[in-house]
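Any read-out appearing in this document is the output of simple, stated calculations on the displayed coordinates, not a laboratory observation. Note that the structure is a prediction, hence the values are computed from the model and not measured. Don't worry about glycine lacking a Cβ; one is built from the backbone with ideal geometry, like all the others, and counts go over all protein chains shown.
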Amino acid sequence: MANLNRLRHLREQHNLSQRALAEALGAYDNEEFDPKRISVYETGKAEPDIETLDKLAHFFGVTVDYLIGRETTVFPKPEDSDLCLWAFGKRVRQCRTEKNISAKELSLEIGISQTYLLLIEAGKKIPKLETAIKILNALGASADAAFMDSLVSGYTVRSHYLEIRMAALRPEKQKFMLDMIESMIEKLEEDQGIKKASD
């Protein structure tokens, strides 16, 4: 039986749930793809057929040999790009799921294939500006929110977004996060030779 322990790693690396990956695979040939199949592949209870292996390898941009553990070399995307595409896709998916819109519904509304939308959400495809605008308009999302991980001006939006998420945590978790953030800021200030305002 093929060893597919890399499948889960790849899926999590692309911030995809089993359901989202199943939707993407099903969109290749407009068929339903049961998320339970992803689970049984990841746990080794069953192995995919050749066609499914090929789809998985193509989707993640790896070889079938890499996927089944015969090859160890994978060429990751450079992380130093100014435009953080995987984060843009993550924000699109996050907004879509928060609004309970399926990938199929959104793709039909904006006139692109479901596969293409899921590839954008996985950070594997770069949408044209026109397509990005259609996606954001259909979701009622701001460009600042979608690009908050890439734009310096988006840092304020991201800070506010994280503040809202932190406010939803239990008080002891909020204190933990604030203490951790304060400690990190102090370390960065120390590294940069900045004196604390209280000194």
**Item:** Members of K90/K173; K99/K187; K134/K187; K90/K175 lying beyond 32 Å, as alpha-carbon distances in this model show
**Value:** K99/K187; K134/K187
**Request:** In whole Hz, with x marking every Gly and Pro, tabulate ³J(HN,Hα) for segment 105-110 from phi via Karplus 6.51 cos²θ - 1.76 cosθ + 1.60, θ = phi - 60°.
**Result:** 4, 5, 5, 5, 5, 9
**Fill in**
Distance in nm between I101 and S39 label points, each 7 Å along Cα→Cβ, equals 2.8 nm
**Fill in**
Amide H contacts under 5 Å for A122, restricted to residues at least 5 apart in sequence or on another chain and with H modeled in the peptide plane, are none
**Asked** So, by mean Cβ neighbours within 10 angstrom, what's the order for 6-17, 178-189, 127-138 with the highest one leading?
**Response** 6-17, 127-138, 178-189
**Prompt:** Does segment 5-67 come out rounded, prolate or oblate, given a ≥ b ≥ c as the square roots of the eigenvalues of its C-alpha gyration tensor, rounded meaning a/c under 1.5 and, failing that, prolate meaning a/b above b/c?
**Reply:** rounded
